[in-house]
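> I am attaching a structure below and will ask some questions about it afterwards.
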Amino acid sequence: MSATQNIRAKVVGTGHYVPERVVTNADLEKIVDTNDEWIQTRTGIKTRRLVQEGEMATSDMAEMAARRALEDAGLTAEDLDMIVLGTVTPDHHVPAAACRLQKRLGAGKIPAFDLSAACAGSIFALSVGERFVTGGGYKRVLVVGGETMSSIVNWKDRNTCVLFGDAAGAAILEAGPADGPGIMDVIIRSDGDMYDVLYIPQGGSAQPITPEGLAAGEDRVIMKGGETFKYAVRTLTKTIKEVLERNNLTADDVSHVVAHQANMRIIEAVAQRLKVPMEKWVTNIQDYGNTSSASALVALDSARRSGNVKPGEIMVFAAIGAGFSWGAGVLRA
Ligand code: UT7
C-alpha cells in the first residue's frame, strides 16, 4: 500500500524514445542462423530499434524520453526533486548514468541514482519513486527505464540476440491527493535462486573477463529461455492477481495493462490466465523487441498518448526480469 494515507503519486507526464535504426528479422538472418518465421512465431518480434555503434548511450536515450515527459507534464527539469533510472546498461560502470542524465537535463543538484532490476527496472523504479513522493519531501520524481541492450547482447548467440532492443521510457510522478489519480499500490519481489538463469557471467566483481570467457561470450547476456518463460508466466499471473485482489479489484475493472514485453507468447499466456482480453494489453514488442527496463514505461506512454485512457480508469503495470525480480501495480488514470 502507498506510504501515507493522504498523498498519492500521480503520473503527470510520460515520454519515450527509440533509436532511428530499424533492424528487421531478415537483417539478423545475415548474422546468425535464424529466420523471420522462427522469430515471429516464437516471440512476436518483427523489428527492433538499435543504436548505431557509438551513436548514443543509455543516458542519451533517457534524456530524450525525459524531455518528452517534462513537456507532456508542462514542467522543466528545475521542477524535479529526484531522478531514478532503472538500467542494467549504464553509460559507464561508475558512476550512475542518472548523474549524467541530471547534468544533461539541467536538473540542479537533486539526488540521481541508477537502480538495477533488469527487465523489472521499470516497476522497481516506479515503486521507489512512489515511496519518495508519498513519504513526503519529494514533490516530483522523474522515473526512467533506459537500456542499450545492444551493448550487452552476444551477437553470435541466436538464443538471445534476436530478442532485445534499445529504448528509454520516462514518467514523472507528482504528489497529489490520496483520493485522486495515481499509483494505488505496487508489489515488488525478488528470487535469488534464479540468479544464474539469466545473467552475465564475467566482467563483475565475482569473475573478471578472461580471454577464454571473452571467446565464449561470457561477458554478454546468457539465458535459459524455457525456464525463464515458465517462471515469467506463473509469477506475473500470480502477482497481478494478488495486487488486484488486495485492492478489491477484478480483471473486469482493468482498462489497460502496461506490462514488460519479453515475448508476445508470455503476454498472451498471462492475459488468458487472468482473463484480461488482449485488446487491453498495450504491446510494443512487435516493433521494439524486449527493451528491458524501458518496455513497460514505453507502453505506459503509448497508452496515455493514444487518447484511449479515460480519467478514473484502472491500469495495471507489471514486469519481470533477471534476478529474478518482478512486480505488479495498479494505477488510477
Ligand atoms: O525479459 C526478461 C525475461 N526474458 C524472458 O522472459 C524470455 C523468456 N523466454 C522466451 O521468450 C523463450 O524461451 C525464447 C524466445 C527465448 C525461446 O523460445 P522457446 O520456444 O523456449 O525455444 P527454445 O529455447 O526451446 O528453442 C527451440 C529451438 C532450439 O532448437 P532445438 O534444440 O529444438 O533443435 C533452439 O536452438 O529453437 C532454436 N532456436 C532458434 N532457431 C532459430 C533458438 N533461438 C533460435 C533462433 N532462430 N533465433
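> Sorted by packing (mean other beta-carbon atoms within 10 Å per residue), highest first, where do 168-178, 64-74 land?
Put in order of decreasing packing, that is 168-178, 64-74.
> On to the next question. What do you get for Rg/Rh over the chain if you use C-alpha atoms and the Kirkwood form of Rh?
0.95
> Can you run phi through the Karplus equation (6.51, -1.76, 1.60; θ = phi - 60°) for the range 66-72 and list ³J(HN,Hα) in whole Hz, with x for Gly and Pro?
5, 4, 5, 5, 5, 4, 4
> Can you put His256, His92, His16 in order of Cβ neighbours within 10 angstrom, beginning with the fewest?
Going from sparsest to densest Cβ surroundings: His92, His256, His16.
> Out of residues 5 or more away from Ile7 or on other chains, whose amide H comes under 5 Å of its own, with H placed 1.01 Å from N in the peptide plane?
Amide H neighbours of Ile7, under 5 Å, 5+ apart: Ala178.
> Another question, then. Just Leu214, Leu163, Leu101 to compare: in a GNM of the chain, with alpha carbon springs under 10 Å, which one fluctuates most?
Ranking Leu214, Leu163, Leu101 by mean-square fluctuation puts Leu214 first.
> Compute the signed sum of charges (Lys and Arg +1, Asp and Glu -1) over the other residues within less than 12 Å, Cβ to Cβ, of Lys230. Walk me through the numbers before you get to the answer.
On the way: positive: Lys224, Arg234, Arg265; negative: Glu227.
That sum, taken over residues with Cβ under 12 Å, equals +2.
> Let me ask something additional. List the residues whose amide H sits under 5 Å from the amide H of Thr291, counting only those 5 or more places along or on another chain, with H placed 1.01 Å from N in the peptide plane.
Sorted by chain and number, the residues that satisfy this are Gly165, Gln261.
> Order 150-156, 80-86 from most to least packed using the mean count of other Cβ atoms within 10 Å.
Details: 150-156: 16.7, 80-86: 26.3.
Top of the packing list down: 80-86, 150-156.
> Ok, one more. Which of Ile314, Ile200, Ile266 ends up with the largest GNM mean-square fluctuation for the chain, with Cα atoms connected below 10 Å?
Greatest mean-square fluctuation among the candidates belongs to Ile200.
> Which residue fluctuates most in the GNM of the chain (Cα springs below 10 Å): Thr58, Thr24, Thr210?
Of the options given, Thr210 has the highest mean-square fluctuation.
> Could you derive backbone 3J(HN,Hα) for the range 309-322 from the dihedral phi with the Karplus parameters 6.51, -1.76 and 1.60 (θ = phi - 60°), listing whole Hz in sequence and x where the residue is Gly or Pro?
With the stated coefficients, the range 309-322 comes to 8, 8, x, x, 5, 9, 10, 10, 10, 7, 7, 8, x, 3 Hz.
> Strictly over 30 Å apart at the Cα level, which of Lys30/Lys103; Lys46/Lys139; Lys10/Lys109; Lys46/Lys280; Lys30/Lys280; Lys238/Lys280 would you flag in this model? Display every interim value, and only then the final one.
On the way: Lys30/Lys103 40 Å; Lys46/Lys139 40 Å; Lys10/Lys109 23 Å; Lys46/Lys280 21 Å; Lys30/Lys280 36 Å; Lys238/Lys280 18 Å.
Violating the 30 Å limit, Cα to Cα: Lys30/Lys103; Lys46/Lys139; Lys30/Lys280.
Bear in mind that the values in this text are calculations on the coordinates, not laboratory data. Note that the structure is predicted; figures quoted are calculated from it, not measured. Positions of Cβ are generated from backbone atoms using ideal geometry, with glycine treated the same way; all protein chains shown enter the neighbour counts.
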